[in-house]
Amino acid sequence: MDRIDHNGVILKIHQLSSEVAEATIHCPSVASAARPGQFIMVRQQGVLDPLLGRPLAVAAVNGETITLLFQIVGKFTSLFASLPPGSKMNLRGPIGNGYLSRPSQNKHILLVAGTLGAAPLLFAFQNFSLCSRSDFVLGVPGKGWEGFVRYTREKVSRMTVCSDDGTLGIHGTALAALPDALNERMEIWACGPLPMLKALAFKYPDQKHQIRVSLDMKMTCGIGGCLGCVIDTSMGPKRVCVDGPFFLASEVQWNDMA
Ligand SMILES: Cc1cc2nc3c(=O)[nH]c(=O)nc-3n(C[C@H](O)[C@H](O)[C@H](O)COP(=O)(O)OP(=O)(O)OC[C@H]3O[C@@H](n4cnc5c(N)ncnc54)[C@H](O)[C@@H]3O)c2cc1C
Ligand code: FES
């Protein structure tokens, strides 16, 4: 069985805005194994508070390093943003069997991100060379998110920005930039807050099988043992950590999702 817990060393933490940062971590074993859509449980080595790792999606792989993008929202992410180069980290993963796979040549992929949901989609864009057959839609709150929008725009070819307050791009959520219907060649890969994913599933009720969503659940173990992240699906109960985090929107029982 492959090892799941790895040691990594921070090479750089780069602040993209007051509340978003990019971490570059040297960890050859995770870098060589990570697939788009997978995530890792991250914690600082030797630190007991917070004790549990936090799930963060792999946003890029370059040689022996991985890139993580994170929003500073609480205890761990505040600590992470303040760590100097050389800090030692525990990385559990890469985790997830519901990852993304290379689409066939005739597919057109709409990558739909709500704020930091961009992270796994940027890795998919990089890994599958989706440049000529994808569109990227990024939804953000607005003011204060210019740095993250600029960062994302530098990585993708065609990107539409939507903002809740109308200060960046189209006024509205990411759904405002999407077509009324999906043709057979189109697939949506989406990651973001639950209300955005739910709204997507309800916008395309007959095409949910063409939509893949990454579900954001609180996670304790990340290895399928605690059952803290179980959801109901049309195929029975599934653990978001090891069976997801990407699921077909047609599998998810949306009315049961809080
Ligand atoms: C599969 C997966 C991949 C993720 N990838 C990323 C990523 O690439 N970048 C990123 O910034 N975030 C990502 N997240 C969310 C991230 O794990 C949480 O924001 C993080 O755990 C917060 O840790 P904290 O200690 O700083 O905050 P905490 O003190 O734990 O929480 C701060 C606030 O955020 C809420 N919160 C904590 N965890 C979650 C969660 N999973 N979903 C919604 N609200 C939460 C808490 O209720 C609290 O209000 C991902 C989550 C999952 C499940
Ligand atoms: S986080 Fe423990 S089973 Fe998923």
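Bear in mind that the values in this text are calculations on the coordinates, not laboratory data. All values derive from a computational prediction rather than experimental measurement. Cβ atoms come from the backbone with ideal geometry, glycine included; neighbour counts cover every protein chain shown.
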Report summary line: With R₀ set to 45 angstrom, the calculated FRET efficiency between the beta-carbons of ASN183 and SER18, to the nearest 0.05, is 0.65
Report task. Using only Cα atoms, find the angle between the long axis of helix 146-155 and the longest principal axis of the chain, and express it within 0 to 90 degrees, rounded to the nearest 10. Result -> 80
Report task. Report the percentage of all Cα-Cα pairs in the chain whose separation exceeds 28 Å, rounded to a whole percent. Result -> 30
Requested in this report: Please report how far the C-alpha centroid of the stretch 207-258 lies from that of the stretch 1-29, rounded to the nearest whole angstrom.
Outcome: 25
Report task. Put one equal scatterer on each alpha carbon of the stretch 108-256, apply the Debye formula with no solvent term, and list log10 I(q)/I(0) at q = 0.10 1/Å to two decimals. Result -> -0.35
Query raised in the report: Going by a ≥ b ≥ c, the root eigenvalues of the Cα gyration tensor, does the stretch 94-149 fall in the rounded group (a/c under 1.5), the prolate group (a/b larger than b/c) or the oblate group?
Result: oblate
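Give me the Kirkwood hydrodynamic radius of the stretch 5-95, using the inverse of the mean 1/r over all pairs of distinct Cα atoms, in Å to one decimal.
Details: mean 1/r = 0.0783 Å⁻¹.
Computed over the stretch 5-95, the radius equals 12.8 Å.
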Requested in this report: For the chain, find the longest principal axis of its Cα atoms and tell me its angle to the long axis of helix 118-127, 0 to 90°, nearest 10.
Outcome: 90
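So, by mean Cβ neighbours within 10 angstrom, what's the order for 135-141, 178-184, 145-151, 225-231 with the highest one leading?
Values: 135-141: 23.7, 178-184: 12.3, 145-151: 17.9, 225-231: 14.9.
So the peptides 135-141, 178-184, 145-151, 225-231, ranked by packing, come out 135-141, 145-151, 225-231, 178-184.
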Requested in this report: Can you spot the lysines whose alpha carbon is less than 30 Å from LYS198's alpha carbon? Ignore those fewer than 8 places along the same chain.
Outcome: LYS75, LYS107, LYS143, LYS155, LYS208, LYS218, LYS238
Query raised in the report: Going by a 4.7 Å Cβ-Cβ cut-off, which cysteines of the chain have no partner at all?
Result: CYS27, CYS131, CYS162, CYS191, CYS229, CYS241
Requested in this report: Round to the nearest 10 and give me the degree value, 0 to 90, for the angle of helix 194-203's Cα axis relative to the longest principal axis of the chain.
Outcome: 20
**Report entry** FRET efficiency, 1/(1 + (r/R0)^6) with R0 30 Å, evaluated for ILE4 and LEU79 via beta carbons
**Finding:** 0.85
Query raised in the report: Using 7 Å Cα-to-Cβ label points, what is the LEU248/LEU51 separation (nm, one decimal)?
Result: 4.0
